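Data first, discussion second: the structure below is written as structure tokens.
FYI, it's all coordinate maths here, none of it is from the lab. All of these numbers come straight from a predicted model, not from anything done at the bench. Cβ sites come from the backbone with ideal geometry, for glycine too, and all protein chains shown count toward neighbours.
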Amino acid sequence: MRVRMTHAIRRDWPWWLAALAGTALMSWLGLVGFAWSDYDSEVVPAMRTFASGDIAGFLAQAPSYGGSLILRAPFAAITALLGGGETAIWRALAIPCLLIVAWLAVVLVRRMRDDGRSIGVCALVLTLFVVNPITIRALDI
């Protein structure tokens, strides 16, 4: 298993690098501020409670999509422990979502390469998958 994973990492590192660069670009472009968004009106009270260490209060105040927040809470906790403010916590909550998109893009490209698709087509698909206006809009709202 370890040999197979090492081979996959060695084979896929350029795709990972491209996907992570696209993720960084989307973060820079899309994670500007959360004012007037659902985060501002629904999540901020729960995250303030969470950052203060009150887990029960966080769960009580979490919006209906609180399950998603619970999965992403470790990123918020680390950010809060490092002294990050509300904007930093908001940005940290987006990291796992963006990384999942990058991971899915690399998996898709790996399958495309295994099917014999050209590097150019794979690069185009990866770019469109990771760097696109839908991601910017999702980060905005």
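So the values come out like this:
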{"read-out": "Of the chymotrypsin sites (Phe, Trp or Tyr not before Pro) in the range 16-45, those whose Cβ has at most 10 other Cβ within 10 Å and which sit in DSSP loop", "value": "Trp36"}
{"read-out": "Separation in nanometres of the label points that stand 7 Å from Cα toward Cβ, at Ile55 and Arg111", "value": "3.6"}
{"read-out": "Degrees, to the nearest 10: 86-114 long Cα axis against longest axis of the chain", "value": "20"}
{"read-out": "Average Cα contact separation per residue, the chain, under 8 Å, 6 or more apart, as relative contact order %", "value": "37"}
{"read-out": "Ile119-Trp16 pseudo-label distance in nm [points 7 Å out on the Cα-to-Cβ vector]", "value": "1.9"}
{"read-out": "0 to 90° range, to nearest 10: angle between helix 66-81 axis and the chain longest Cα axis", "value": "80"}
{"read-out": "Among (i) 33, 17, 12; (ii) 38, 18, 14; (iii) 24, 20, 14, the entry that matches semi-axes √(5λ) of the Cα gyration tensor in Å as calculated here", "value": "(i)"}
{"read-out": "Acute angle (nearest 10 degrees) that the helix 119-130 long axis makes with the longest principal axis of the chain, alpha-carbon atoms", "value": "10"}
